[in-house]
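**Student:** Could you have a look at this structure, given as structure tokens, before my questions?
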Amino acid sequence: PDRIAVSDLADKLAIPAVVLIKSLIKAGIMASINQSIDFEAAEQVAKSLGVAVERPQRERADGRVGEGDEGADLTSRPPVVTVLGHVDHGKTTLLDHIRKSRVVEQEAGGITQHIGAYQVTVGDRSITFLDTPGHEAFTAMRARGAQVTDVAVLVVAADDGVMPQTVEAINHAKAARVPIVVAINKMDRPGADPDRVKQQLAEQGLVPDDWGGDTVCAPISALKGQGIDELLEMILLVADMRDLKADADRPASGVIVEARLDRGRGPVATVLVQNGTLRLGDPVAAGAVAGKVRAMLNDRGESVSEAGPATPVEVLGFDDVPEAGDLLEVVAGGREARQQAEARAEARQQPEARGGVVTLSQLTQKRQ
Ligand code: GTP
Ligand code: MG
């Protein structure tokens, strides 16, 4: 039967793919940008957008649709999401709600480990949320060359609108070329005015999809837990535009999300594995620090022996406390790990290596 890739159809209709995908969802058809839909579905949705469709005369000779089948061992990975927004607009409330309703708590009596990142499941898919303040994920980490975020969720309170830190957040995300999903929060408040928020967003260059732009906006109440499921769907939808892939078979590389010295356990770091798989016993180097993975805990505080792409884990076994934003790599052996770390430590002493870089501590000082 005749089929067309969603991306091709969007091109043909000259509309942003998100708009098409949303129309498809409205019509009860779940398809991501890389999937294809049949002629009837394409016709139906095109009609709803005011476009008549003609059945093609001939199918493509190779019968193939979509792309993305180049690259041998690449498989889809969950998107990594950070939450940004103005003070008090509801970032923490949103993250808390998502974590509480989506992450299975460990058995009664146990203290839920808080590791600064966690993974939630949405249907048969996963999303990794970074719990660090979003601006840090962009500035401190990016300053060290780490791009951790695939999608930014911008929380804007519907009763307050776009504020200075909202604009700041938009600029961070734009600079990092990270797509933004807007959560218009506090919809339960009497003064909620989502249209005003959309107007203000449009003024910032984020034109809402229901206004013909390509910025997805989801009205929510983080407090009441309303609209969250739809928001998570929208995050996956936008993530699919990026076609996120990783190779789980290679040695791990990742980034230090946060790290501290634990009295009993020594240096403890939350690592976001970005590519490959991190395993117990792996010799690692992170910034100027070497180590060997002695133990790993997942976001529920359970011991795990390996962590694949987009998985956050707490890692024990560093010789010293690495810095947030440091890149983590698995290295060949103990000695090489130490040599690499020393070389990096030396490079850091060079003043020019630090020029123009905003560090996490500078950032926190500025904010106090
Ligand atoms: P900072 O971390 O200080 O920047 O704030 P935040 O963005 O994390 O906001 P937070 O989640 O702490 O929420 C601020 C206040 O708004 C709290 O009193 C929340 O209970 C309230 N709040 C958050 N979401 C909602 C909502 O959907 N509806 C209502 N009515 N109140 C909300
Ligand atoms: Mg907060």
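**Student:** If you scan segment 74-93, which residues turn out to be in a loop (DSSP other than H, G, I, E, B) and within 16 Å of ligand 2 (Cβ to nearest atom)?
**Tutor:** Matches in segment 74-93: His86, Val87, Asp88, His89, Gly90.
**Student:** Something else: Looking at segment 239-252, can you tell me whether even one residue there is more than 14 Å from the chain's Cα centre (by Cα) and within 16 Å of ligand 2 (Cβ to nearest atom)?
**Tutor:** No, because not a single residue in segment 239-252 is more than 14 Å from the chain's Cα centre (by Cα) and within 16 Å of ligand 2 (Cβ to nearest atom).
**Student:** In segment 26-37, which residues are open to solvent by 40 Å² or more (accessible area, probe 1.4 Å) and either modelled with pLDDT of 85 or more or among the aromatic types (Phe, Trp, Tyr) (or both)?
**Tutor:** The one that is open to solvent by 40 Å² or more (accessible area, probe 1.4 Å) and either modelled with pLDDT of 85 or more or among the aromatic types (Phe, Trp, Tyr) (or both): Gln35.
**Student:** Among the residues of segment 296-307, what is the count of those that are assigned to a strand (DSSP E or B), open to solvent by 30 Å² or more (accessible area, probe 1.4 Å) and within 29 Å of Glu342 (Cα to Cα)?
**Tutor:** Residues flagged as assigned to a strand (DSSP E or B), open to solvent by 30 Å² or more (accessible area, probe 1.4 Å) and within 29 Å of Glu342 (Cα to Cα) within segment 296-307 amount to 1.
**Student:** Name the residue, out of Ala218, Ala152, that is open to solvent by less than 30 Å² (accessible area, probe 1.4 Å) and within 16 Å of ligand 2 (Cβ to nearest atom).
**Tutor:** Ala152
**Student:** Can you tell me which of Ala269, Ala246, Ala202, Ala290 is small (Gly, Ala, Ser) and open to solvent by 10 Å² or more (accessible area, probe 1.4 Å)?
**Tutor:** On inspection, the qualifying residue turns out to be Ala202.
**Student:** Please list, ordered by first then second residue, the pairs with beta carbon atoms under 8 Å, 6 or more apart or interchain, first in segment 86-98 and near ligand 1 (Cβ under 6 Å from one of its atoms), second among the β-branched types (Val, Ile, Thr).
**Tutor:** Final answer for the pair search is His89/Val155; His89/Val156; His89/Thr166; Gly90/Val155; Lys91/Val83; Lys91/Val155.
**Student:** In addition: Kindly indicate whether any position in segment 170-184 is at pLDDT below 95, within 16 Å of ligand 2 (Cβ to nearest atom) and open to solvent by 60 Å² or more (accessible area, probe 1.4 Å).
**Tutor:** No, that holds for no residue.
**Student:** Which ones in segment 133-169 are away from ligand 1 (no atom under 16 Å from the Cβ) and at pLDDT below 85?
**Tutor:** Ala140, Met141, Arg142, Ala143, Arg144, Gly145, Ala146, Gln147
**Student:** Consider only pairs whose beta carbons are under 8 Å apart and that are at least six residues apart or on different chains; among these, list those whose first residue lies in segment 219-235 and is near ligand 1 (Cβ under 8 Å from one of its atoms) and whose second residue is open to solvent by 80 Å² or more (accessible area, probe 1.4 Å).
**Tutor:** Ile220/Gln226; Ile220/Glu230
**Student:** Could you grab the pairs with beta carbons closer than 7 Å, sequence gap of 6+ or different chains, first residue in segment 185-204 and in contact (Cβ under 8 Å) with a residue 60 or more places away in the chain, second one open to solvent by less than 90 Å² (accessible area, probe 1.4 Å) and more than 16 Å from ligand 1 (Cβ to nearest atom)?
**Tutor:** none
**Student:** Here's another thing I want to ask about it. Quick one: would you say Asp229 is under 26 Å from Ser32 (Cα atoms), open to solvent by 60 Å² or more (accessible area, probe 1.4 Å) and part of a loop (DSSP other than H, G, I, E, B)?
**Tutor:** no
**Student:** From the list Pro312, Pro322, which one is of a type outside the set (D, E, K, R), at pLDDT 65 or above and either in contact with a Cys (Cβ under 6 Å, 6 or more places away or on another chain) or within 25 Å of Thr75 (Cα to Cα) (or both)?
**Tutor:** Exactly one residue qualifies, and that residue is Pro312.
The values are calculated or read from the model by the stated rules, or taken from the named source; none is laboratory data. What you see is a predicted model; the values in this text were computed from it and never measured. Don't worry about glycine lacking a Cβ; one is built from the backbone with ideal geometry, like all the others, and counts go over all protein chains shown. Surface accessibility is based on the protein's heavy atoms, side chains included, excluding ligands, DNA and RNA. Shrake-Rupley method; radii C 1.70, N 1.55, O 1.52, S 1.80 Å.
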